[in-house]
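The values are calculated or read from the model by the stated rules, or taken from the named source; none is laboratory data. The structure displayed is predicted, hence computed values, not measured ones. Here the Cβ positions follow ideal geometry from the backbone for every residue, glycine too, while neighbour counts run over all protein chains shown. Quick note on the areas: whole protein, heavy atoms, side chains included, nothing else; ligands and nucleic acids left out. Shrake-Rupley method; radii C 1.70, N 1.55, O 1.52, S 1.80 Å.
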Amino acid sequence: MISGFSSALCVRPVVSFSNTIRGVHNHGRVTCLAMSMSSSSMTVARDAEYELESRKYELLNIIQDTQRGLVTTADQRSTIEEAMVVVEGFDAGKEIDLSKLDGTWRLQYTSAPDVLILFESAARLPFFQVGQIFQKFECQNESRGGLVRNVIKWSVPRLLEENEGATLIVSARFSCVSARNIYLKFEEIGFQNINISDDLQAVIAPAILPRSFLSLQILQFIQTFKAQIPVTSPERQSVGGLYYLSYLDKNMLLGRAVGGGGVFIFTRAHALIC
């Protein structure tokens with residue numbers, strides 16, 4: 001019995017040690033496989049992000065010399081459309097993230113006729129300038145919509161400051177009607193932030209003292225002037241429109257006005273504009 005017991009003692013540890021070694025090897029293989037898969041996934045994600053940023057850069061580069069869409073040929077518009085479709089493919093099918101949409105966006109390009117007519121007028125008329133155009137979304141704590149302001153900086157040379165002499169704001173409420181579509185319901189048009197030129201200030205209130213109380217009052221009135229014109233009334237239905245947000249991330253917004261209203265390319269603007 002002692003001999004048998006001794007044999008059992010000699011055999012069992014060898015078997016147990018062998019199983020332990022095998023388990024360690026198997027665990028090592030699983031760990032290595034998991035690390036390899038994780039590394040592979042990170043590489044794929046990194047490559048996809050690089051590809052996306054490259055496509056966005058190409059799109060912005062293509063529109064760079066178009067004067068926000070005013071100066072384009074048919075071939076250029078076709079190339080821009082193809083580049084937009086490529087970028088849109090990276091975000092296809094995802095629902096609108098209102099927290100990303102919230103904030104101010106600067107217009108870089110459009111083919112919308114109602115915006116291009118402003119650029120065309122400024123190009124033809126020596127007394128009219130169009131500065132930067134923004135869309136400002138306010139929807140940070142909303143789940144199905146919010147407020148959007150279309151902000152247009154404009155000026156009259158020699159009377160107002162260059163390009164940003166005054167601000168036109170078209171305000172609208174928007175609601176999410178599908179994963180990517182928002183419906184805009186326009187509410188009012190406003191004029192504010194009138195910055196008159198130095199030449200006009202000199203006419204109204206000459207630098208030579210004493211300035212009259214009336215001239216100072218006129219200057220203050222102009223500089224603080226603000227007007228809102230409602231576009232709705234009990235007798236008149238609000239003007240509205242459907243807007244398709246085809247791509248959205250932290251620094252680029254692509255949109256399409258449903259019904260042939262044109263395309264829009266925006267980039268994030270970090271300055272406070274109204």
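Kindly indicate whether residue 231 is at pLDDT 60 or above and open to solvent by less than 50 Å² (accessible area, probe 1.4 Å).
Numbers: at pLDDT 60 or above: yes; open to solvent by less than 50 Å² (accessible area, probe 1.4 Å): yes.
Yes.
Considering only residues that are of a type in the set (Phe, Trp, Tyr) and touching a Phe, Trp or Tyr at 6+ places or on another chain (Cβ under 8 Å), look in the range 100-158 and name the one that is nearest to residue 181 (Cα to Cα).
We begin by selecting, within the range 100-158, every residue of a type in the set (Phe, Trp, Tyr); these are 105, 109, 119, 127-128, 134, 137, 154.
The next check asks that each one be touching a Phe, Trp or Tyr at 6+ places or on another chain (Cβ under 8 Å); those that pass are 105, 109, 128, 134, 137, 154.
Details: 105: 18, 109: 20, 128: 34, 134: 20, 137: 15, 154: 30 Å.
Only one residue fits best here, namely 137.
Can you tell me which condition residue 71 does not meet? The list is (1) part of a loop (DSSP other than H, G, I, E, B); (2) within 14 Å of the chain's Cα centre (by Cα); (3) of a type in the set (A, V, I, L, M, F, W, C), and all the others hold.
(2)
Take residue 102 and tell me if it is out of contact with any strand residue (DSSP E or B) (no Cβ under 6 Å at 6 or more places or on another chain) and of a type outside the set (A, V, I, L, M). Before you say what the answer is, go through the steps one by one.
Details: out of contact with any strand residue (DSSP E or B) (no Cβ under 6 Å at 6 or more places or on another chain): no; of a type outside the set (A, V, I, L, M): yes.
No: the conditions fail for residue 102.
Identify, by number, the condition in (1) open to solvent by 30 Å² or more (accessible area, probe 1.4 Å); (2) touching a residue at least 60 places away in the same chain (Cβ under 8 Å) that residue 182 doesn't meet.
Residue 182 satisfies all of (1) open to solvent by 30 Å² or more (accessible area, probe 1.4 Å); (2) touching a residue at least 60 places away in the same chain (Cβ under 8 Å) except (1).
Any residue in the range 248-274 that is of a type in the set (Ser, Thr, Tyr) sitting within a Cβ distance under 9 Å of a residue that is modelled with pLDDT of 95 or more and buried (at least 20 other Cβ atoms within 10 Å of the Cβ)? List the pairs, counting only those 6 or more apart or interchain.
Listed pairs, sorted by first residue: 267/105; 267/107; 267/252; 267/253.
With respect to residue 158, is the statement that it is at pLDDT 90 or above and not aliphatic (A, V, I, L, M) true? First the steps, then the outcome.
Working: at pLDDT 90 or above: no; not aliphatic (A, V, I, L, M): yes.
Spelling it out, it is not the case that residue 158 is at pLDDT 90 or above and not aliphatic (A, V, I, L, M).
Among what's in the range 173-197 and is assigned to a strand (DSSP E or B) and of a type in the set (Gly, Ala, Ser), pick the residue that is nearest to residue 151 (Cα to Cα). Lay out the reasoning, then the answer.
From the range 173-197, those assigned to a strand (DSSP E or B) are 173-176, 181-192, 196; that's our starting set.
Cutting the leftovers down to of a type in the set (Gly, Ala, Ser) gives us 175, 190.
Working: 175: 19, 190: 9 Å.
For the range 173-197, the residue satisfying everything is 190.
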